[in-house]
Amino acid sequence: MRILQKRTLVLMFLSVAMVFPACQSGKKKDKGGKEEPTATKPRIEKEELEKDVKEFVYPLPTSFEVTEMLNRIGAAYILTLSNSTENVDKYLTEKKQALNLGVYGADLSYASTYNQKQQTMDFMEVSKKLIDALNISGALPADIVDQIEQNEDNKDQLVRIITNTFYDTYEYLNANGRGAVSMLVLAGSWVEALYITTNISENTYQNKEMVKIVMKQKASLNKLLELMNIHKDDPNVQEVIQQLSPLAKVYNMVEENAISEDQMDIIIEETRKVRSSFVE
């Protein structure tokens, strides 16, 4: 995405949602006619804008970033953790299609990170089917499948293509007034990435690196819920917010660099429950 497009999106969302307090300052006249700061009128500084662009246009860690961490610590690829591609035809509502576009996006990133060529293509195919069902095919380059096939032996380039496609889909949804759908896609991707993370080992709590990965998702969950609250009037978004709330409650009880085994067990179970409701 071009920098100008990113800045336009940030400015648009900042003016509507005021989600970056650090960028929010303005002026109003006091009784003496002088202007004083107020929190109701946004004033965007160039430095703050540049700092926020990346995390706002795609405010959560990508599913690739999570699975790359798993790859780095030596966690094996387990195909059965991903949502079966055979399930795609049973997703008939916009909500299910959007959630599982996110789920399959995470599964696709998971497969590509581990250089699973056939699985990568399979997840790309079902993702494309959901994109068509949601009528957002304009977000994808016409030659996306050809790009993937031509680079199937180039892991770095393959991951770059897939990640850019996911970014572009998110941007397209927002640019076309379908922000609620984009929130469902993000929720599906976030839940699936955490589900993979918490189920890739039989004893997650005993793996220090895995624990670090799980704990890092606290901030991204809070950011996700913050953004979803912008679209809370949408019943589908509101339902997902409610599903994620118990998980957020546990996460927000976790102190920095400290998590109990009981808390980890609850996070694993709550993630399983939410994920199950998404893919059923």
The lone condition Asn115 fails out of (1) in a helix (DSSP H, G or I); (2) touching a helix residue (DSSP H, G or I) at 6+ places or on another chain (Cβ under 8 Å) is (1)
Do we have Asp89 as of a type in the set (D, E, K, R), under 30 Å from Ile73 (Cβ atoms) and in a helix (DSSP H, G or I) here?
-> no
Between a first residue in the stretch 212-228 that is of a type in the set (Ser, Thr, Tyr) and a second residue that is in a helix (DSSP H, G or I), which pairs have beta carbons less than 7 Å apart while being 6 or more apart in sequence or on different chains?
-> Ser220/Trp190
Of the numbered conditions (1) crowded, with 17+ Cβ neighbours inside 10 Å; (2) more than 22 Å from Gln97 (Cα to Cα); (3) in contact (Cβ under 8 Å) with a residue 40 or more places away in the chain, Asp234 satisfies every one except a single condition; which is it?
-> (2)
Scanning the stretch 68-109 residue by residue, the ones that are more than 24 Å from Ser182 (Cβ to Cβ) and among the charged types (D, E, K, R) total 2
Filtering the stretch 69-80 down to residues that are touching a residue at least 60 places away in the same chain (Cβ under 8 Å) and crowded, with 16+ Cβ neighbours inside 10 Å, which residue is farthest from Ala133 (Cα to Cα)?
-> Ala75
Those residues of the stretch 92-115 which are hydroxyl-bearing (Ser, Thr, Tyr) and either at pLDDT below 95 or surrounded by 24 or more Cβ atoms within 10 Å (Cβ to Cβ) (or both), in sequence order = Tyr104, Ser109, Tyr110, Ser112, Thr113, Tyr114
All positions within the stretch 67-85 that are closer than 12 Å to Asp107 by Cα, assigned to a helix (DSSP H, G or I) and not hydroxyl-bearing (Ser, Thr, Tyr) | Leu79, Leu81
Does Ala142 count as outside any helix (DSSP H, G or I) and at pLDDT below 90?
-> yes
Among the residues of the stretch 166-176, is there at least one that is charged (D, E, K, R) and in contact (Cβ under 8 Å) with a residue 60 or more places away in the chain?
-> yes
Determine whether Lys223 is assigned by TED's automatic domain parsing to the domain that holds Val88, touching a Pro at 6+ places or on another chain (Cβ under 6 Å) and either over 27 Å from Val88 (Cα atoms) or not small (Gly, Ala, Ser) (or both).
-> yes
When the stretch 178-198 is examined, which residues are found to be surrounded by fewer than 21 Cβ atoms within 10 Å (Cβ to Cβ) and within 14 Å of Gly74 (Cα to Cα)?
-> none
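The values are calculated or read from the model by the stated rules, or taken from the named source; none is laboratory data. Everything numeric here is computed off the predicted structure, so don't read it as measured data. Note that each Cβ is placed from the backbone with ideal geometry, even for glycine, and that neighbours are counted across all protein chains shown.
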